[in-house]
DNA sequence: CGATACTTGCAACTGAGTTGCAAATCGGGT
DNA sequence: ACCCGATTTGCAACTCAGTTGCAAGTATCG
Ligand SMILES: [Mn+2]
Ligand SMILES: [Mn+2]
Ligand SMILES: [Zn+2]
Ligand SMILES: [Zn+2]
């Protein structure tokens with residue numbers, strides 16, 4: 001769930017992270033900011049307009065460096081694909097909904113303190129990330145409004 | 001978290017599910033039962049003793065049919081790999097811990113009613129599965145006792 | 001500007017998982 | 001026990017997200 005529309009500035013973020021401000025990084029970062037939900041490397045790559053061509057490999061590498069710098073957050077899914085969202089505008093502890101048909105991922109509300117309190121102590125290991133996701137059929141797909149990808153249902 | 005050691009009988013499970021009782025299915029099922037934690041298709045395949053050779057593709061297909069029949073449950077991970085556990089001996093709603101170094105997955109305690117109550121209603125979609133997982137470093141890896149896979153840390 | 005370190009693009013590769021298809025096996029009916 | 005259609009298996013070829021090696025290009029800083 002986004003905490004107010006995205007105000008993160010690409011250049012500023014890169015600056016603060018000590019990363020070189022290359023066009024590729026700015027283009028990818030803008031794509032993630034533009035999206036109103038977590039998106040994949042493939043989506044970013046495909047949605048690039050000719051003027052902002054970036055090699056597919058570069059998209060992966062840029063996302064990796066942005067994630068390492070804490071600028072974007074990676075979200076894994078049941079189908080093994082990685083989705084990315086801006087770290088600055090999304091609470092680090094919130095659940096996601098993943099539609100098994102159109103494969104769109106949406107953010108749900110943040111997890112309450114009490115839930116995390118219950119989960120973390122339950123594991124006697126060195127935890128560093130908590131991930132909660134709900135899989136199912138999104139409203140659009142249930143009403144058959146979506147044909148974005150194929151098969152399932 | 002396992003609810004008492006595994007008492008599921010392969011033949012019985014297949015029977016009840018109306019699936020043919022082939023050696024391959026029994027072998028794979030036994031491997032999942034034998035494991036004390038969720039395992040991958042690759043682990044199953046590699047750990048097969050010569051006497052119970054099963055083609056790798058068959059392992060995938062068997063796991064798919066077992067999952068569809070509700071005999072095993074698939075658990076996705078951050079690294080895109082699928083882990084499987086016996087459905088009969090694991091509460092359908094429990095969290096998992098995934099070690100980013102040795103990639104072993106362990107079951108944590110079941111999720112309290114109140115957590116699910118909080119999560120499910122938060123999404124106005126047709127939900128069909130809830131997945132909670134914690135990523136980090138397991139105790140063995142923290143103490144550097146494990147070298148099961150490579151890189152990370 | 002020029003040296004140096006970092007980043008990009010391309011092509012080849014990896015590895016989990018899938019698919020098409022012919023051969024083997026299962027199982028219900030006789 | 002035997003037959004035949006339905007299911008399952010094995011193999012080889014394929015897919016596809018993601019990775020890697022390396023030479024060429026670009027950012028940054030003095
Ligand atoms: Mn989110
Ligand atoms: Mn489990
Ligand atoms: Zn959908
Ligand atoms: Zn470990």
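Tell me the distances, shortest first, between residue B:20 and the same position across the other copies, using label points 7 Å along Cα→Cβ, in nm to one decimal.
5.9
Among A:49, B:140, which comes first, then next, by fewest other beta-carbon atoms within 10 Å?
Starting with the residue having the fewest Cβ neighbours, the order is A:49, B:140.
For a test of the definition: using alpha carbon positions, the gyration tensor, and the 1.5 limit on a/c, classify the range A:5-147 as rounded, prolate or oblate.
Verdict is oblate for the range A:5-147.
So what is the relative contact order for the range B:39-106, in percent, with contacts set as C-alpha pairs under 8 Å and at least six apart?
Relative contact order comes out at 26 percent.
Defining the label point at 7 Å along Cα→Cβ, can you sort the distances from residue A:121 to the same site in each other copy, shortest first, in nm?
Copy-to-copy label distances at residue A:121, shortest first: 2.5 nm.
Taking a ≥ b ≥ c as the square roots of the eigenvalues of the Cα gyration tensor of the protein assembly as shown, is the shape rounded (a/c under 1.5), prolate (a/b larger than b/c) or oblate?
It is prolate, given that a/c is not under 1.5 and a/b is the larger ratio.
Within 10 Å of each Cβ of B:65-76, how many other protein chain Cβ atoms are there on average?
The per-residue average across the peptide is 1.
Applying 1/(1 + (r/R0)^6) with R0 = 35 Å to the Cβ-Cβ distance of residue B:21 and residue A:46, what FRET efficiency is obtained, to the nearest 0.05?
0.15
Could you check the simple spin-label distance between residue B:56 and residue A:53, using points 7 Å along Cα→Cβ, in nm with one decimal?
Each label point is offset 7 Å from its Cα along the Cβ direction, giving 3.6 nm.
Which of A:120, A:60, A:84 moves the most in a Gaussian network model of chain A with Cα springs under 10 Å?
A:120
Roughly what would the spin-label model give for residue A:64 and residue B:11, points 7 Å off Cα along C-beta, in nm?
5.1 nm
Which residue fluctuates most in the GNM of chain B (Cα springs below 10 Å): B:51, B:64, B:104?
Fluctuation is largest for B:51.
Could you work out, residue by residue across A:108-119, how many beta carbons of other chains sit within 10 Å of that residue's beta carbon, and then give the average as an integer?
The per-residue average across the peptide is 4.
Describe numerically, in nm with one decimal, the distance between label points set 7 Å from Cα along Cα→Cβ at residue B:81 and at residue A:81.
Going from the residue B:81 label point to the residue A:81 one covers 2.3 nm.
Using Cα pairs under 8 angstrom and six or more residues apart, how large is the relative contact order of the range B:1-145, in percent?
Across the range B:1-145, relative contact order equals 24 percent.
Determine which chain A residue has its Cβ at minimum distance from the rotation axis mapping A onto B, giving the value in whole Å.
A:80, 1
Top mean-square fluctuation among B:32, B:59, B:78, Gaussian network model of chain B, C-alpha springs under 10 Å?
Fluctuation is largest for B:78.
Each reported figure results from applying straightforward, stated rules to the coordinates on display, with no laboratory input. It should be emphasised that the depicted structure is a prediction, and the values quoted were computed from it without experimental measurement. Neighbour counts run over all protein chains shown; Cβ positions are idealised from the backbone, glycine included.
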